[in-house]
Amino acid sequence: AQSVAQPEDQVNVAEGNPLTVKCTYSVSGNPYLFWYVQYPNRGLQFLLKYITGDNLVKGSYGFEAEFNKSQTSFHLKKPSALVSDSALYFCAVRDPYSGYSTLTFGKGTMLLVSP
Amino acid sequence: GAVVSQHPSRVICKSGTSVKIECRSLDFQATTMFWYRQFPKQSLMLMATSNEGSKATYEQGVEKDKFLINHASLTLSTLTVTSAHPEDSSFYICSADGQQYEQYFGPGTRLTVT
């Protein structure tokens, strides 16, 4: 079974509008959750993570995400999108069942921000 | 801080030859590094976990004799694709564990086997 799901292949938003990229997980226990961004032909850049503590985590470039245990979600949000935010976004999880040793990635969501 | 480099960024080789990709942690020591493979418009697939001074741990379905991993120092892991074939063409990405469970990724290596 897939540990982390990103239900949208692509999200389109106009510059200046708020954006949300969805992520849900299906692991038991207390998962560690991450968001990464990938620009074309590049490696992944770390955006933010949830390990413990405050459910709302703030990360790089104005992004934030909220850990919702009841809905098993960790959606990525930004109040005002920029054209330069256009990229491929990956949600990832470290599973307590595996001792948090490896990352499992969602399939990715392409974010397109139009001018 | 936490910069990971990869070399080369692109490589083209002929079928049947071997290719070595280097992954370096530039400003920190990495006991554990990871190697991923990414197909176009797809997610990252973990190939193996590379542990300094010991044998790599390969994921199910990854041929350890084909994808040789060496992690001889705390700042360098290498992936050698042996007897490469066109189906090995892919984007290979390495990463290293940070201090608080995040991973830091290299820029990737585009391998094309002709």
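The values are calculated or read from the model by the stated rules, or taken from the named source; none is laboratory data. The shown structure was predicted, so the numbers you read here are calculated from the model rather than taken from an experiment. Note that each Cβ is placed from the backbone with ideal geometry, even for glycine, and that neighbours are counted across all protein chains shown. For the accessible areas, the whole protein counts, side chains as well, though only heavy atoms, and no ligand, DNA or RNA atoms are used. Shrake-Rupley method; radii C 1.70, N 1.55, O 1.52, S 1.80 Å.
Given Cβ point charges of +1 (Lys, Arg) and -1 (Asp, Glu) and nothing else, what value in debye, to the nearest 20, does the dipole of the protein assembly as shown about its Cα centre take?
Roughly 280 debye, rounded to the nearest 20.
List the residues, sorted by chain then number, that are 5 or more residues from A:Ala87 or on another chain and whose placed amide H is less than 5 Å from its amide H.
A:Leu111
What does the accessible area per residue of chain B come to in Å², with a 1.4 Å probe and no ligands, DNA or RNA counted?
With the other protein chains kept in place, chain B gives 50 Å² per residue.
Roughly how many percent of the accessible protein surface of the range B:8-114 is carbon and sulfur, given a 1.4 Å probe and a whole-percent answer?
That fraction is 49 percent.
Going by Cα centres, the range A:1-52 and the range A:57-77 are how many Å apart?
That distance is 8 Å.
As I understand it, the dipole of the protein assembly as shown uses +1 on the Cβ of Lys and Arg and -1 on the Cβ of Asp and Glu, about the Cα centre. Which of B:Leu44, A:Val27, A:Leu82 lies farthest toward its positive end?
B:Leu44
What residues in the range A:65-90 lose 20 Å² or more of accessible surface when the other protein chains are added to their chain alone (1.4 Å probe)?
Listed by number, the residues meeting the 20 Å² cut-off are A:Phe90.
Calculate, for chain A, the solvent-accessible area per residue in square angstrom, rolling a 1.4 angstrom probe over the heavy atoms of the protein chains.
Normalised by residue count, the accessible surface of chain A is 47 Å².
Can you compute the modelled spin-label distance between B:Lys41 and B:Phe28, with each label point 7 Å from Cα toward Cβ, in nm?
Simple spin-label model gives 3.4 nm for this pair.
Determine the residues within the range B:40-80 where the difference in accessible area between the chain on its own and the full set of protein chains amounts to at least 40 Å²; count protein heavy atoms only and use a 1.4 Å probe.
Going by heavy-atom accessible area, the residues of the range B:40-80 that drop by at least 40 Å² are B:Ser43, B:Leu44.
Only protein chains counted, 1.4 angstrom probe. Which residues of the range A:35-56 are at least 10 Å² less accessible in the assembly than when their chain is isolated?
A:Tyr36, A:Gln38, A:Asn41, A:Arg42, A:Gly43, A:Leu44, A:Phe46, A:Lys49, A:Ile51
Working out 0.36 nm times the residue gap between A:Asn30 and A:Glu8, then minus their Cα-Cα distance, what length gain in nm do you get to one decimal?
5.5 nm
Summarise the accessible area of chain A (1.4 Å probe, protein heavy atoms) by the percent that is carbon and sulfur.
Here carbon and sulfur together make up 51 percent of the probe-accessible area.
Just checking the protein assembly as shown: which Cys have no other cysteine's beta-carbon under 4.7 Å?
B:Cys13
Relative contact order (percent) for chain B, with alpha-carbon contacts under 8 angstrom and 6 or more residues of separation?
36
Using the beta-carbon distance between B:Tyr101 and B:Lys14 and R0 = 41 Å, what value does 1/(1 + (r/R0)^6) give for FRET efficiency, to the nearest 0.05?
According to the calculation, E is roughly 0.50.
In Å², nearest 100, what accessible area do chains B and A bury in total when the solvent probe is 1.4 Å?
1600
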